[in-house]
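Student: This is the structure I want to talk about, given as structure tokens.
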Amino acid sequence: MKMSSAILGAALTVITIAAHAEKFKVCADPLNPPYSDKAQTGFENEIAALFASSLGQELEYFWLPQRIGFLRNSLNAFTDENAVESKDFKCDIVMGMPEGSDMVLTTQPYYHSTYVLLIAKGRGWDHIRTAQQLAELPLVQQVKLKIAMFDRGPGTDWLQKHDLLDQGIPYQSMTGDSQHNVAMQIDQDLKAKKIDMVMLWGVFAGHIISGHPSDYHVIEMHSESGIKFDYQMTMGVRRGDKVRQETLNKLIVEKSTDIAAILAQYHIPLLPITQSPAKKD
């Protein structure tokens, strides 16, 4: 039985309306500049808005601090007990996940950044222009260092490798502080001269220097044997959600120029993207 053109047209219209009525539901931290915040001023907020508009969808957020259990309580959580059958999840997309993450189904990468050694100018360390120069400081200068050291991460591994742990001032990667994220705290302490330098993920470093880029030396860190500093970042969806993964992959390609323009506003150190097949699930 053939469908009449009128019926077919009506059916396609319904399908189109339904697709455009779907929400672009993002799982995000309400206070994590420059990624995201409730005022939606972060670069992930901007890219999410770009994608939602391109799809004709309403942008909706589920806000949750990005701590341990974030994915379990956001991306993989139902809106309520009655939503199990309808598969109504609190949100569908995490805008930033490291490539190769086994916790979600990842898209192809949309940016590639690295850790940097960020040094405040005028503190006696302006002669340091490479990480190796920091590693080779004589002991009499090492003892004067005020360098932030996190409880985990490649920066701490590097300091340990070069016997500089004793000069580190300890910070936590996840503080639970409702008023500051890592970038905000480091920015505050650099300005207060509690620390003079830090090895920090490039995105956070970009946030710190954005207001006063001439106040800092920015030295890119390069991955080496046993210590990985650079990461390609993707978007994440629930495991098995291949349709949404493919939709995002297409948008990443189609909107690559717009994405690059957004990232450029945030002073994020960017490396060339190495294309690799999106993870299958």
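Student: Report, by residue number, each residue of region 201-215 that is closer than 15 Å to TYR35 by Cβ and over 13 Å from the mean Cα position of the chain (by Cα).
Tutor: ILE208, SER210
Student: Could you check region 215-234 and list, in sequence order, the residues that are out of contact with any strand residue (DSSP E or B) (no Cβ under 9 Å at 6 or more places or on another chain) and either closer than 21 Å to PHE43 by Cβ or in a strand (DSSP E or B) (or both)?
Tutor: Of everything in region 215-234, those that are out of contact with any strand residue (DSSP E or B) (no Cβ under 9 Å at 6 or more places or on another chain) and either closer than 21 Å to PHE43 by Cβ or in a strand (DSSP E or B) (or both) turn out to be GLU224, ILE227.
Student: Filter region 98-108 for residues that are surrounded by fewer than 21 Cβ atoms within 10 Å (Cβ to Cβ) and not polar (S, T, N, Q); which is farthest from LYS228 (Cα to Cα)?
Tutor: MET103
Student: Pull up region 172-213, narrow it to residues that are in a helix (DSSP H, G or I) and of a type in the set (D, E, K, R), then point me to the one that is farthest from LEU159 (Cα to Cα).
Tutor: Filtering first and then ranking leaves LYS191.
Student: Let me ask something additional. Quick one: would you say VAL26 is of a type in the set (A, V, I, L, M, F, W, C) and at pLDDT below 95?
Tutor: Considered against the rule, which asks whether it is of a type in the set (A, V, I, L, M, F, W, C) and at pLDDT below 95, VAL26 comes out as no.
Student: Which of (1) at pLDDT 85 or above; (2) surrounded by fewer than 17 Cβ atoms within 10 Å (Cβ to Cβ); (3) of a type in the set (Val, Ile, Thr) does THR16 not meet, given it meets every other one?
Tutor: It is condition (1) that THR16 fails.
Student: Exactly one of (1) in contact (Cβ under 8 Å) with a residue 40 or more places away in the chain; (2) outside the structural domain of HIS127 (by TED's automatic domain parsing); (3) among the aliphatic types (A, V, I, L, M) is unmet by VAL243. Its number?
Tutor: Exception for VAL243: condition (1).
Student: So which helices (runs of 4 or more DSSP H) stay within region 68-165 end to end and still have 1 or more residues that are in contact with a strand residue (DSSP E or B) (Cβ under 9 Å, 6 or more places away or on another chain) and either farther than 30 Å from PHE51 by Cα or aliphatic (A, V, I, L, M) (or both)?
Tutor: Result: 131-135, 154-161.
Student: A follow-up question, please. Has region 221-231 got any residue that is out of contact with any Pro (no Cβ under 8 Å at 6 or more places or on another chain) and hydrophobic (A, V, I, L, M, F, W, C)?
Tutor: no
Student: Test THR156 against the criterion of being modelled with pLDDT of 95 or more, hydroxyl-bearing (Ser, Thr, Tyr) and under 22 Å from TYR231 (Cβ atoms), and give yes or no.
Tutor: Criteria met by THR156.
Student: Quick one: count up the residues across region 33-66 that are within 19 Å of VAL104 (Cβ to Cβ) and either in a loop (DSSP other than H, G, I, E, B) or modelled with pLDDT under 95 (or both).
Tutor: The total comes to 4.
The values are calculated or read from the model by the stated rules, or taken from the named source; none is laboratory data. This structure is a prediction, so every number in the text was calculated from the model and none was measured. So basically every Cβ, Gly included, is an ideal-geometry build from the backbone, and we count neighbours across all protein chains shown.
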